[in-house]
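Enquirer: After the structure tokens below, expect a handful of questions from me.
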Amino acid sequence: MGQLLRTRGALAPLIHTAGVLLEAQEHLLATLPDELKDHVRVGGYHDGHLTLMTDRAVWLTWLRFERQRLLTLLRQLPAFQELEGLTFKVRPIRPTYMPHERARELPEAAADQLRECARDTTSPRLKKSLERLASHAGHDSK
């Protein structure tokens, strides 16, 4: 695994490209107006052209008007000093998924049922599991 991640490994170019694109994304976000930050992403780099993606045509129009400024800005990065141009695409941008925290409770009556089942079982593993589940009564188990 270590060899794959080293400079001569098979994944090294991919990891390097991902790092360069992340750097471009962060550099770009630092300069975009606040209303655009959630709507523009760096998509990829191929043959001297960096792809910028947006989720709405109105932002695409803005990006086209700002093309030269964005090129100048991105050419400040060492990996993009030879950047030839920008390609723009309208694509849905998925927000980072953050699951909602849910408090889970085990009612005491359910815990009593689990303890009763544990007493009646002959399997030591099942008995231990049921007792562990029953121990969550009255606690937040997230």
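The values are calculated or read from the model by the stated rules, or taken from the named source; none is laboratory data. Worth saying up front: this structure is predicted, and the values here are computed from it rather than measured. A quick note on method: Cβ atoms are made from the backbone with ideal geometry, for glycine too, and the neighbour counts reach across all protein chains shown. Heavy atoms of the whole protein, side chains included, go into the accessibility calculation; ligands, DNA and RNA do not. Shrake-Rupley method; radii C 1.70, N 1.55, O 1.52, S 1.80 Å.
Enquirer: Among GLU35, GLU131, which is the only one that is among the charged types (D, E, K, R) and open to solvent by 100 Å² or more (accessible area, probe 1.4 Å)?
Expert: The match here is GLU35.
Enquirer: List every residue pair whose Cβ atoms sit under 9 Å apart, with the two residues 6 or more apart in sequence or on different chains, where the first one lies in segment 11-24 and is in contact (Cβ under 8 Å) with a residue 40 or more places away in the chain and the second, anywhere, is not in a helix (DSSP H, G or I).
Expert: VAL20/TYR45; VAL20/LEU77; GLU23/LEU77; ALA24/VAL42; ALA24/TYR45; ALA24/LEU50; ALA24/LEU77
Enquirer: When the residues of segment 64-86 are narrowed to those that are touching a strand residue (DSSP E or B) at 6+ places or on another chain (Cβ under 9 Å) and part of a helix (DSSP H, G or I), which ends up surrounded by the fewest Cβ atoms within 10 Å (Cβ to Cβ)?
Expert: For segment 64-86, the residue satisfying everything is ARG64.
Enquirer: Another question, if that's okay. Taking ASP55 as the residue in question, decide whether it is open to solvent by 60 Å² or more (accessible area, probe 1.4 Å) and under 18 Å from ARG94 (Cβ atoms).
Expert: Answer is no for this residue.
Enquirer: Taking segment 36-63, which residues are of a type in the set (Val, Ile, Thr) and part of a helix (DSSP H, G or I)?
Expert: Once the filter is applied, which keeps residues that are of a type in the set (Val, Ile, Thr) and part of a helix (DSSP H, G or I), segment 36-63 yields VAL58, THR61.
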